[in-house]
1. Largest first, how would Asp294, Asp203, Asp454 line up by accessible area (1.4 Å probe)?
2. Could you give the accessible area per residue of segment 201-249, probe 1.4 Å, as a whole number in Å²?
3. Each label point is 7 Å from the Cα along the Cα-to-Cβ direction; what then is the distance between the points at Arg447 and Val327, in nm?
4. Let me check something: with ligands and nucleic acids excluded, how do His621, His302, His68 order by accessible area (1.4 Å probe), largest to smallest?
5. Filter Lys173/Lys252; Lys488/Lys569; Lys12/Lys505; Lys341/Lys391; Lys228/Lys252; Lys391/Lys566 down to the pairs with a C-alpha to C-alpha distance above 25 Å, please.
6. Let me check something: with ligands and nucleic acids excluded, how do Cys226, Cys28, Cys586 order by accessible area (1.4 Å probe), largest to smallest?
7. Can you compute 3J(HN,Hα) from phi for each residue in segment 379-389, using the Karplus curve 6.51 cos²θ - 1.76 cosθ + 1.60 with θ = phi - 60°, rounded to whole Hz and x for Gly and Pro?
8. Extending each Cα 7 Å along its Cβ direction at Asp287 and Lys220, get the distance between those two points in nm, one decimal.
Amino acid sequence: MMLFNPAILLMKRLTYSRKMLVAGLFFCIPIALLAYFLVTNIREEVEFAAKERSGVRYIAPLRDMLSHLLENRRAALLRGTAPAAPDRVLAELDRVEARLGSTLATGEPLRALKTRLAEVNGKAGATARQRFEAHTALAGDLLNLIVLVADNSNLTLDPDIDSYYLMDTLTTKLPPLAEALGRMDLIASRLGSDQSGLGDRTDLIVLSGQVGTLVDGINKNIRTACAKNPALNQRLQGPFQEVGASSAAFLKAVTAYAAAKPPLGPLPQNVSRAATSAREAVLGAMDVVSPALDGLLEKRIHTFQARMYLYLSISFLALLLGVYLNVGSFLSVREGISSVKDMSARVADGDLTAEAPGLSRDELGEMARMFNVMTENLRRIIATLSEVTGKVITFAEKLSASVEQQAGFSSQLSSSVAEISATMEEFSSTASQIANHSHEVVDIADRTLQGTRDGAAGVETLAMKMSDISADNEANLQEIVELGRRSKEITRIMAIIGNIANQTKLIAFNAALEAASAGEAGKRFGVVAVEIRRLADSVVESAGETEAKITEIMDAVNRLVLTSEKGAKGIREGLDYSGRTLEMLCDVVDGAASTSEAAKQISLSTQQQQMASGQVVAALHDIQEGALHASASIQQINAIGKELAAISGDLKGIMGRFSLDTTATAV
């Protein structure tokens, strides 16, 4: 991956349009270079073949010049005069030289050939042998010029088998064969005259072998070319069979003439006719081979050009296809990014009903699908939070109502205990007075009896009040226990909210990672993920605060339960004391009739009553203090419930920013 870091950094600095442009350039440049090199190579091949055709065209007038030189040499030797070269031949040679001479570098050799031709034609008083040798040297120069044209026009480097062997036949086989046949004809004609020399027979034998070698080479070349290109059979077999047959007939006639016993006499006509026929057959074969070779070269040029056009067409189509696919890829990416960008903006504005269409199967399409999954999960989370918040608000309202009811009960209990305390204090004061004035018991026995009856009625009323207080206290205790159970349910709900918020944070973190991997295009999406994560953190913080408050409520409830149990115990003791006081008062009432007889017992009873009254007053004070503590706890619970309702309302207001699909909410 380190190897690709520079490319990754470069691509991160570019927009998608520039990324596609860079990728397209690096895709098109190799195709363009490949097409350029292929076309350049093919054009070089075409130019190579065109230069070969130039050589073939140049050889055509040289063939006519060769025919003229052979006739000129024969006329100069046999008739003693050498006619000048026809104007047509020289004009054609000049036209070809003007058109192709600079390309083939034949200007200097051709001028030398023309100069030597003029010298040979203008030489007077030379012997027949001198004229023969001069014309033979001139013919050699012409053959060398033909070979030079072949070399300079790339004919000798021809890459195809059929055209190469035709080139070899046209440049190095047929011209030397025509010249050798003409020379043999002249040497044979000289054998029967007094001009014959000792080396003529030797030259004739050497030339016979040379002709045979050239004919064999020509036949081999033609067979090879026709085997490679069977289309040449029909065009070449006839002329070259005639070359072979006429050359063989001439060699046979010359050999028979030279083998005769001297004196040989004049050259027979059949030998001259065979020589002329063989020479004309060779020149005719050149006329056949030259257009055949030119046709092969032209066909090769057309083939190369067709291949070049094919390569250019394929390269152009590949380039167009690459550009088309590159533009399509760019438009597809831009459409996907725009869709995700629009959806991210809507989600950032709180519209969770936004969904990105599944535009493609690439990474952008997968990101859009994952974004849809994320928004769907967010819709479900927000819907769940809304439902939980509604339940929390309902529970808080019920808790507030219950706490207010408990506060009312606690106020009533405090008032009742205060009244009972006042009554018991009065009762205690009365008992003290009875104890202090026990000596007046007899005198006021009747009043005591009435007072004790009143006291018994008051104690009975007190017992009833204490019974009511005990019942109310048990109800308060049950409500407090129910409050603790509801607080536990709220704690469980807040734990669910905390888990949901943690899952939201995890989803937001994954979304932030996806946005960071998307680069510039996922920046808005990253902002949305950060906002969702902040919301989840806020929910977690609010849930923690709510859980802490609920914990405080539960602690207060536990303290209230303990206080209520303690108050209930005091109330039960008060009931016991009230019952005992009632029994005592009953005894007092029963003994009031016999007050005079039981003064001591009355005094003792009043003392006991005084002690019991003090205990009852103390117990009532304890009950009153417990009721005050219970009232304070209930007020604290009420404040916590109101604060919980306010927090739930704030949470509901935050969730109200998001727009949810009705189906998603129902789910």
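1. The ordering from most to least exposed comes out as Asp454, Asp203, Asp294.
2. Value returned for segment 201-249: 53 Å² of accessible area per residue.
3. Each label point is offset 7 Å from its Cα along the Cβ direction, giving 12.5 nm.
4. Correct descending sequence by accessible area is His302, His621, His68.
5. In this structure, Lys488/Lys569; Lys12/Lys505; Lys341/Lys391; Lys228/Lys252; Lys391/Lys566 lie more than 25 Å apart at Cα.
6. Per-residue accessible area, sorted high to low, gives Cys586, Cys28, Cys226.
7. Values per residue, Gly and Pro as x: 4, 5, 5, 5, 5, 5, 4, 4, 5, 5, 4 Hz.
8. For Asp287 paired with Lys220, the spin-label model returns 2.9 nm.
The values are calculated or read from the model by the stated rules, or taken from the named source; none is laboratory data. Nothing here was measured: the structure is a model prediction, and the numbers come from that model. Because the Cβ atoms are built from the backbone with ideal geometry, glycine has one as well, and the counts that use them run over all protein chains shown. In case anyone asks, the SASA skips ligands and DNA or RNA and just uses the protein heavy atoms, side chains included. Shrake-Rupley method; radii C 1.70, N 1.55, O 1.52, S 1.80 Å.
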